[in-house]
Amino acid sequence: MQDILGKLGLEGQNLGGFCGDWMGSGDSLDSKSPIDGKKIASVTQVTEAEYDTIVDRAHQAFLKWRTTPAPTRGETVRQLGNALREHKDELGALVTLEMGKILPEGGGEVQEMIDICDFAVGLSRQLYGLTMPSERPGHRMAEQWHPLGVVGVISAFNFPVAVWSWNSALAAVCGDATLWKPSSQTPLTAIACIKIAERVCKATGVDPAIFSLVIAPGRTVGDKLLHDKRIPLVSATGSCRMGYRVGEVVGKRLGRTILELGGNNAIIVSPEADLKMAIRGIVFGSVGTAGQRCTSTRRIIAHESIRDELVEKLISSYKQVKIGDPLAEGTLMGPLIDTGAVDTMMAAIETIKKEGGKILYGGEKLDGDNYPGGCYVTPCIAEAKNEYQIVQDETFAPILYIMTYKTFDEAIAIHNGVPQGLSSSIFTRNVLEAEQFLTAAGSDCGIANVNIGTSGAEIGGAFGGEKETGGGRESGSDAWKAYMRRQTNTINYTNELPLAQGIKFGD
């Protein structure tokens with residue numbers, strides 16, 4: 001562990017604020033690994049006064065950065081991607097140490113950072129506007145996209161580095177600075193990322209404050225960030241409850257938000273599905289990251305004719321999932337983030353029973369020498385009805401609900417019958433069902449897949465969802481537009497001044 005920390009420039013005690021200089025004089029925050037409950041290192045958090053200094057410095061960096069040619073901005077992001085390649089192994093291992101996801105997933109998350117940097121580099125030469133015909137002779141209309149300002153990035157513990165990169169790489173090529181407030185459960189990975197970005201900025205002659213950091217309590221500095229008019233856009237990843245708060249506060253000052261909130265993701269399994277393929281997709285989606293992805297598979301809507309066979313095969317697969325140290329080779333499921341998450345899962349299982357559901361497999365705490373720290377559980381399969389309140393509410397844990405349908409319309413109704421709308425999937429070899437699932441009358445989610453699971457979104461597409469998931473979009477496609485301000489231009493290249501709509505105003 002010390003070797004990993006040393007390669008990333010981390011020490012036993014680390015400063016939690018950055019704006020070109022490192023600072024922090026607030027309370028100390030210990031980062032403990034869910035693998036064994038032991039302390040990894042500590043962070044000195046930022047005070048409210050230091051927060052103000054950091055935002056001011058980030059804004060000054062933005063004023064210079066916004067006039068830098070976009071392809072030049074892209075070169076800095078290219079160098080950031082290369083630096084992440086150099087540190088992929090140790091940064092991925094730190095993700096595993098601090099968050100608990102298995103080592104291949106930790107490395108995969110860093111690869112996602114590298115991929116979005118590559119995407120952003122190409123984007124830096126493609127920040128296109130449009131031209132439109134004018135109704136007035138001798139006039140030309142066009143639109144431009146300009147940098148917006150300092151972007152606040154609030155990330156969650158489950159993807160402690162990738163979400164920052166989705167926002168910061170795009171914001172950087174768009175000409176914005178970012179101010180990152182990471183989860184207090186995963187502060188070390190954030191410091192490691194900013195240290196990498198700091199070195200890249202210094203090597204390319206860029207003010208490192210374009211990638212600023214504040215590690216501090218949400219009730220003080222976090223709330224201050226939401227109210228801060230110096231931050232025109234807040235991109236927040238977290239629970240629906242958190243999203244309501246962010247949307248309300250930022251919206252009241254007419255700021256912008258990108259909200260990527262809870263998911264209650266379902267897979268419809270048709271009688272014409274390839275069950276072997278469906279099982280693989282379901283198990284990865286429900287057990288991967290110990291069920292702590294916003295895209296984790298929560299609900300299975302199986303046709304009544306194949307329900308029993310599907311459940312039997314799922315239970316058989318769940319029994320083969322190796323649970324334990326996420327750093328060990330062959331482990332498929334590591335710990336939950338902390339003992340509080342375990343308590344939440346156990347309470348949810350009791351609620352399932354009280355509401356009339358049935359536990360078909362798993363759902364136990366694991367202890368003993370092989371499971372230190374109290375954060376390990378067996379993944380749970382439960383029979384439930386969609387209308388149960390516990391099913392309607394997302395539990396951030398490896399609980400998979402099984403329900404059945406008779407008609408395809410019924411399956412769609414069950415699928416859409418939850419408040420969240422992030423990711424969705426159908427397994428079927430029936431092209432009519434597949435196409436219907438993707439229509440306006442099909443899945444109501446921001447992501448809809450056919451014959452793949454609900455997890456594993458690629459960076460090339462816009463990522464986000466509808467309804468209580470918040471409506472925001474990050475990563476690929478044209479998500480970059482959220483980080484810029486649109487300007488419509490009309491140019492008159494004549495000596496006349498005609499008005500639009502044929503209006504005559506005097507001589």
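The values are calculated or read from the model by the stated rules, or taken from the named source; none is laboratory data. The model shown is predicted, which means the values in this text are computed figures rather than measured ones. Here the Cβ is made from the backbone with ideal geometry for all residues, glycine too, and neighbour counts use every protein chain on show. Note: accessible area is taken over every heavy atom of the protein model, side chains too, but ligands, DNA and RNA are not part of it. Shrake-Rupley method; radii C 1.70, N 1.55, O 1.52, S 1.80 Å.
Could you tell me how many of the residues in region 479-501 are part of a helix (DSSP H, G or I), open to solvent by less than 50 Å² (accessible area, probe 1.4 Å) and more than 19 Å from Pro137 (Cβ to Cβ)?
4
I need a count of the residues in region 458-472 that are among the β-branched types (Val, Ile, Thr) and either modelled with pLDDT of 95 or more or open to solvent by 60 Å² or more (accessible area, probe 1.4 Å) (or both).
Of all residues in region 458-472, those among the β-branched types (Val, Ile, Thr) come to 459, 469.
This time we only want the ones that are either modelled with pLDDT of 95 or more or open to solvent by 60 Å² or more (accessible area, probe 1.4 Å) (or both), so: 469.
Counting residues in region 458-472 that are among the β-branched types (Val, Ile, Thr) and either modelled with pLDDT of 95 or more or open to solvent by 60 Å² or more (accessible area, probe 1.4 Å) (or both) gives 1.
Looking at the structure I just gave you, is Val283 touching a residue at least 12 places away in the same chain (Cβ under 8 Å), in contact with a strand residue (DSSP E or B) (Cβ under 8 Å, 6 or more places away or on another chain) and surrounded by fewer than 23 Cβ atoms within 10 Å (Cβ to Cβ)? Walk me through how you get there before you give the answer.
Numbers: touching a residue at least 12 places away in the same chain (Cβ under 8 Å): yes; in contact with a strand residue (DSSP E or B) (Cβ under 8 Å, 6 or more places away or on another chain): no; surrounded by fewer than 23 Cβ atoms within 10 Å (Cβ to Cβ): yes.
Against the criterion (touching a residue at least 12 places away in the same chain (Cβ under 8 Å), in contact with a strand residue (DSSP E or B) (Cβ under 8 Å, 6 or more places away or on another chain) and surrounded by fewer than 23 Cβ atoms within 10 Å (Cβ to Cβ)), Val283 does not qualify.
What number of residues in region 373-388 are closer than 21 Å to Asp325 by Cβ and not in a strand (DSSP E or B)?
Result for region 373-388: 5.
Spot the failing condition for Ser455; the list is (1) under 29 Å from Met345 (Cβ atoms); (2) at pLDDT 95 or above; (3) not β-branched (Val, Ile, Thr), and only one is missed.
(2)
Within region 424-457, restricting attention to residues that are free of Cβ contacts under 8 Å to residues at least 24 places away in the same chain and open to solvent by 30 Å² or more (accessible area, probe 1.4 Å), which residue is nearest to Gly108 (Cα to Cα)?
So, considering only residues that are free of Cβ contacts under 8 Å to residues at least 24 places away in the same chain and open to solvent by 30 Å² or more (accessible area, probe 1.4 Å), the one nearest to Gly108 (Cα to Cα) is Leu438.
Filter region 389-414 for residues that are outside any helix (DSSP H, G or I), among the polar types (S, T, N, Q) and either open to solvent by less than 30 Å² (accessible area, probe 1.4 Å) or within 22 Å of Glu364 (Cα to Cα) (or both) and give the result. Walk me through how you get there before you give the answer.
Residues of region 389-414 that are outside any helix (DSSP H, G or I), as a first pass: 393-407.
Adding the requirement that they be among the polar types (S, T, N, Q) leaves 395, 404, 407.
Of everything in region 389-414, just one residue is outside any helix (DSSP H, G or I), among the polar types (S, T, N, Q) and either open to solvent by less than 30 Å² (accessible area, probe 1.4 Å) or within 22 Å of Glu364 (Cα to Cα) (or both), namely Thr395.
Take Ile268 and decide whether it is surrounded by 17 or more Cβ atoms within 10 Å (Cβ to Cβ), touching a residue at least 24 places away in the same chain (Cβ under 8 Å) and of a type in the set (A, V, I, L, M).
yes
Here is a list: Lys504, Lys467. Which entry is of a type in the set (Lys, Arg) and within 38 Å of the chain's Cα centre (by Cα)? Spell out the reasoning first.
Values: Lys504 fails: within 38 Å of the chain's Cα centre (by Cα).
Among Lys504, Lys467, only Lys467 is of a type in the set (Lys, Arg) and within 38 Å of the chain's Cα centre (by Cα).
Look at Gly476 and say whether it is in contact with a Gly (Cβ under 9 Å, 6 or more places away or on another chain), surrounded by 19 or more Cβ atoms within 10 Å (Cβ to Cβ), under 22 Å from Ala169 (Cβ atoms) and touching a residue at least 24 places away in the same chain (Cβ under 8 Å).
yes
Quick one: in region 292-327, of everything that is touching a Ser or Thr at 6+ places or on another chain (Cβ under 9 Å), under 30 Å from Gly37 (Cα atoms) and among the hydrophobic types (A, V, I, L, M, F, W, C), which residue is most open to solvent (accessible area, probe 1.4 Å)?
So the residue we want is Leu327.
For region 1-83, give me every one of the strands (runs of 3 or more DSSP E) that falls completely inside it and has 2 or more residues that are open to solvent by 40 Å² or more (accessible area, probe 1.4 Å) and more than 16 Å from Ala197 (Cα to Cα).
Where strands (runs of 3 or more DSSP E) fall fully within region 1-83 and carry at least 2 residues being open to solvent by 40 Å² or more (accessible area, probe 1.4 Å) and more than 16 Å from Ala197 (Cα to Cα), they are 28-32.
Return only the number of the condition from (1) open to solvent by less than 10 Å² (accessible area, probe 1.4 Å); (2) within 25 Å of Ile215 (Cβ to Cβ) that Gly175 does not satisfy.
The failed condition is (2).
From the set of residues in region 8-61 that are among the β-branched types (Val, Ile, Thr) and without any contact (Cβ under 8 Å) to a residue 40 or more places away in the chain, which is farthest from Pro182 (Cα to Cα)? Don't jump to the end; show me each part of the working.
From region 8-61, those among the β-branched types (Val, Ile, Thr) are 35, 40, 43-44, 46-47, 53-55; that's our starting set.
Next cut, without any contact (Cβ under 8 Å) to a residue 40 or more places away in the chain only: 44, 53.
Values: Thr44: 14, Thr53: 18 Å.
Across region 8-61, the extreme among qualifying residues is Thr53.
It is to be established whether one or more residues within region 365-372 are part of a loop (DSSP other than H, G, I, E, B), touching a residue at least 12 places away in the same chain (Cβ under 8 Å), under 24 Å from Glu105 (Cβ atoms) and among the polar types (S, T, N, Q).
First, the residues of region 365-372 that are part of a loop (DSSP other than H, G, I, E, B): 367-372.
Still in the running and touching a residue at least 12 places away in the same chain (Cβ under 8 Å): 370-372.
Now drop any that are not under 24 Å from Glu105 (Cβ atoms), which leaves 370-372.
When the remaining residues are screened for being among the polar types (S, T, N, Q), the result is 370.
Yes; the residues of region 365-372 include at least one that is part of a loop (DSSP other than H, G, I, E, B), touching a residue at least 12 places away in the same chain (Cβ under 8 Å), under 24 Å from Glu105 (Cβ atoms) and among the polar types (S, T, N, Q).
Go through the residues of region 446-459 one by one and say whether even a single one is in a helix (DSSP H, G or I), among the polar types (S, T, N, Q) and more than 14 Å from the chain's Cα centre (by Cα).
no
Taking the conditions exactly as written (in contact (Cβ under 8 Å) with a residue 60 or more places away in the chain and closer than 18 Å to Asn265 by Cβ), does Pro326 satisfy them or not? Before you say what the answer is, go through the steps one by one.
Working: in contact (Cβ under 8 Å) with a residue 60 or more places away in the chain: yes; closer than 18 Å to Asn265 by Cβ: no.
Answer is no for this residue.
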